[in-house]
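All remarks here apply to the structure that follows.
The values are calculated or read from the model by the stated rules, or taken from the named source; none is laboratory data. All values derive from a computational prediction rather than experimental measurement. For neighbour counting, all protein chains shown are included, and Cβ atoms are generated from backbone atoms with ideal geometry for every residue, glycine included.
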Amino acid sequence: MSLERFLKNAVSSWMSEEGPDSDIVLSSRIRLARNLKEYKFPIIFSRDEAVEIINWARNGLGSESFSDTCSFELLTMNDLKPIEKRVLVEKHLVSPNLAENAPYGAVLLSDNEEISVMINEEDHIRIQCLYPGLQLKEALIMAGKIDDWIEEKGVYAFDEERGYLTSCPTNVGTGLRASVMMHLPGLVLTRQINRIIPAINQLGLVVRGIYGEGSEALGNIFQISNQITLGKSEEDIVEDLLSVVEQIIDRERSAREALVKTSDIQLEDRVFRSYGILSNARVIETKEAAKCLSDLRLGIDLGYIKNISKTILNELMILTQPGFLQQYAGGPLNPDERDIRRAALIRERLILEENRE
Amino acid sequence: MICEQCNERPATLHFTKVVNGEKSEVHLCDTCAQEKGQMSLFNGNAGFSINDLLGGLLNGGTFHHSSHNAVTHREELRCPKCHMIYQQFVEIGRFGCSECYKTFKNHLVPVLKRLHSGNIVHTGKIPKKAGGNISLKKRIEELKQDLKQSIEQEEFERAANIRDEVRALEKEVNNGQEGGGQS
């Protein structure tokens, strides 16, 4: 039953709630990589070791509550259908690698889906906290608590000099990857993004379009994360990322203001054209849907469009991915059918908004 | 849009490749993309992965011998726990177990420096259990810094308090070592 809730009740809290600075920052994520001392790492561990680790997770973490309000359910990848796995990937609750290449992989999910703990991915344990809006510090604190709780149940691979030992040397030390997902249409439309990305890279941070490649990020959504995990404290890593993110937020806000001043009617036209397409299209590809959703969200943020919830971009970017569309349709769909389904889902979702008032 | 490869099925994957500033677009259907091994876009690993990059990084620069010598030299290094040899690590860019960090210790410093902006020592969180008395030692280091500062600023009363605290903690560390042995 609970699995059905996870998959059918498609919207996770980070998609539906508004966090701080949510006009620009869609979500904040903290990931901690940990390994258990006694076992070989998942790339070469034996089947027996893998099963032992899953049992350890099931009995130690899956059966006990973390707190009064939070407990976890363990899902093993082997027991899931391909579509179900894909849905978990599209919701960013498990990595594509775990879903596709980890026969002994599992995930512990919290009820509200803000916390997921991947078991037997590249590392034995990967703790993830995913919060709406800009809440990196809050997510780091929560991830730290989960980390302490897990450490009570096992012995971590830790070295005084190198810190938390991970399978890949790019994660050693803190094992921390902090990232934010940002919607930056202003910087893209004013073409500032191409200058900003190299500058961010020089600061030791990584910028990626999460649904596309490089500067042609689908839906103008970018993910910014730390590269360095060794030699800095967790707090400093998060603080450094935050200071850059805050500057980008300022730049994005000024870009939006400038756009409204210089091309108000053109911008309004763009927004309403996209709204028109989303409300009326019968067939729509991912790329066009992403572009229109980005315009619509910008229109909501700038006040051109009222009565539509801001979280529509977060939500529909996820819900119009192939896995979700097939889940929604109740069976496999070919690409043409997906485009039809996608258009239908978006129209229905917008009608819900219009009736909501 | 139709897939460029089979010219039958509709293209669902659209790549933009930028090679030396030259941009080219590729449009494939699911089936052909999978055959071409480009399906990794769905994996989030877009074309080539961190492994490929890391492999190059790990291979380069640590030795000035000819590559043949370097390989034989490194082959002697085999992790006692997971039996991984250094060359394997270079190829896949992943360690086999936590012992590998000790086994390949001497080769790792330049690698870590390059990956982490010159850093090689962890300064972040220390786990309660696995950390043992590392956090105590770090706390003592911090207190000693404070002590130095207080003396410089002639806050002798504060300095005396810190000194007592340092002594107490040092005693605790020593007791711990006698009891449980040093790991």
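Data overview
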{"quantity": "Residue count for the stretch A:306-323, restricted to those that are more than 15 Å from A:Ile221 (Cβ to Cβ) and surrounded by 20 or more Cβ atoms within 10 Å (Cβ to Cβ)", "calculated": "2"}
{"quantity": "Per-region count, the stretch A:23-44, residues touching a residue at least 40 places away in the same chain (Cβ under 8 Å) and outside any strand (DSSP E or B)", "calculated": "9"}
{"quantity": "Test: residue in the stretch A:301-320 that is closer than 17 Å to A:Asp269 by Cα and in a helix (DSSP H, G or I)", "calculated": "yes"}
{"quantity": "Residue in the stretch A:223-232 that is within 14 Å of chain B (Cβ to nearest Cβ) and among the small types (Gly, Ala, Ser) present", "calculated": "yes"}
{"quantity": "Search result, residues across the stretch B:124-140 that are in contact with an Asp or Glu (Cβ under 7 Å, 6 or more places away or on another chain) and more than 7 Å from every other protein chain (Cβ to nearest Cβ)", "calculated": "B:Leu136, B:Ile140"}
{"quantity": "Answer residue from the stretch A:149-167, given it is more than 7 Å from every other protein chain (Cβ to nearest Cβ) and not in a loop (DSSP other than H, G, I, E, B) and is nearest to A:Phe41 (Cα to Cα) among those", "calculated": "A:Tyr164"}
{"quantity": "Matching option when the condition is buried (at least 21 other Cβ atoms within 10 Å of the Cβ) and under 24 Å from A:Glu234 (Cα atoms), among A:Leu88, A:Leu36", "calculated": "A:Leu36"}
{"quantity": "One residue from A:Asn280, A:Asn307, A:Asn334 being within 14 Å of chain B (Cβ to nearest Cβ), more than 25 Å from A:Gly209 (Cα to Cα) and out of contact with any Pro (no Cβ under 7 Å at 6 or more places or on another chain)", "calculated": "A:Asn334"}
{"quantity": "Test result for A:Arg34, at pLDDT below 90 and of a type in the set (D, E, K, R)", "calculated": "no"}
{"quantity": "Of all residues making up the stretch B:120-142, the number that are modelled with pLDDT of 75 or more and either in contact with a helix residue (DSSP H, G or I) (Cβ under 9 Å, 6 or more places away or on another chain) or on the phi > 0 side of the Ramachandran plot (or both)", "calculated": "12"}
{"quantity": "Among (1) surrounded by 23 or more Cβ atoms within 10 Å (Cβ to Cβ); (2) assigned to a strand (DSSP E or B) - the single one A:Arg177 does not satisfy", "calculated": "(1)"}
{"quantity": "Selected residue [under 28 Å from A:Gly299 (Cα atoms), part of a helix (DSSP H, G or I), touching a residue at least 12 places away in the same chain (Cβ under 8 Å) and among the acidic types (Asp, Glu)] from A:Glu252, A:Glu235", "calculated": "A:Glu252"}
{"quantity": "The one condition in (1) farther than 27 Å from B:Lys125 by Cα; (2) under 14 Å from the mean Cα position of the chain (by Cα); (3) among the aliphatic types (A, V, I, L, M) that A:Val94 fails to fulfil", "calculated": "(1)"}
{"quantity": "Members of the stretch B:80-123 found to be of a type in the set (Phe, Trp, Tyr), buried (at least 23 other Cβ atoms within 10 Å of the Cβ) and within 8 Å of chain A (Cβ to nearest Cβ), listed by number", "calculated": "B:Phe95"}
{"quantity": "Residue match in the stretch A:95-107 (condition: away from chain B (no Cβ under 14 Å) and not in a loop (DSSP other than H, G, I, E, B))", "calculated": "yes"}
{"quantity": "Residues satisfying the stated conditions in the stretch A:325-357, i.e. modelled with pLDDT under 85 and either acidic (Asp, Glu) or in contact with a helix residue (DSSP H, G or I) (Cβ under 7 Å, 6 or more places away or on another chain) (or both)", "calculated": "A:Gln327, A:Tyr328, A:Ala329, A:Glu353, A:Glu354, A:Glu357"}
{"quantity": "A:Leu140 vs. criteria closer than 20 Å to A:Thr229 by Cβ and surrounded by fewer than 24 Cβ atoms within 10 Å (Cβ to Cβ)", "calculated": "yes"}
{"quantity": "Some residue of the stretch A:60-67 being part of a helix (DSSP H, G or I) and out of contact with any helix residue (DSSP H, G or I) (no Cβ under 9 Å at 6 or more places or on another chain)", "calculated": "yes"}
{"quantity": "Options A:Leu189, A:Leu218; residue that is touching a strand residue (DSSP E or B) at 6+ places or on another chain (Cβ under 9 Å) and of a type outside the set (Gly, Ala, Ser)", "calculated": "A:Leu218"}
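Condition check ((1) hydrophobic (A, V, I, L, M, F, W, C); (2) not in a helix (DSSP H, G or I)) across all residues:
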residue: A:Arg126; (1), (2): no, yes
residue: A:Ala139; (1), (2): yes, no
residue: A:Met142; (1), (2): yes, no
residue: A:Met182; (1), (2): yes, yes
residue: A:Ile200; (1), (2): yes, no
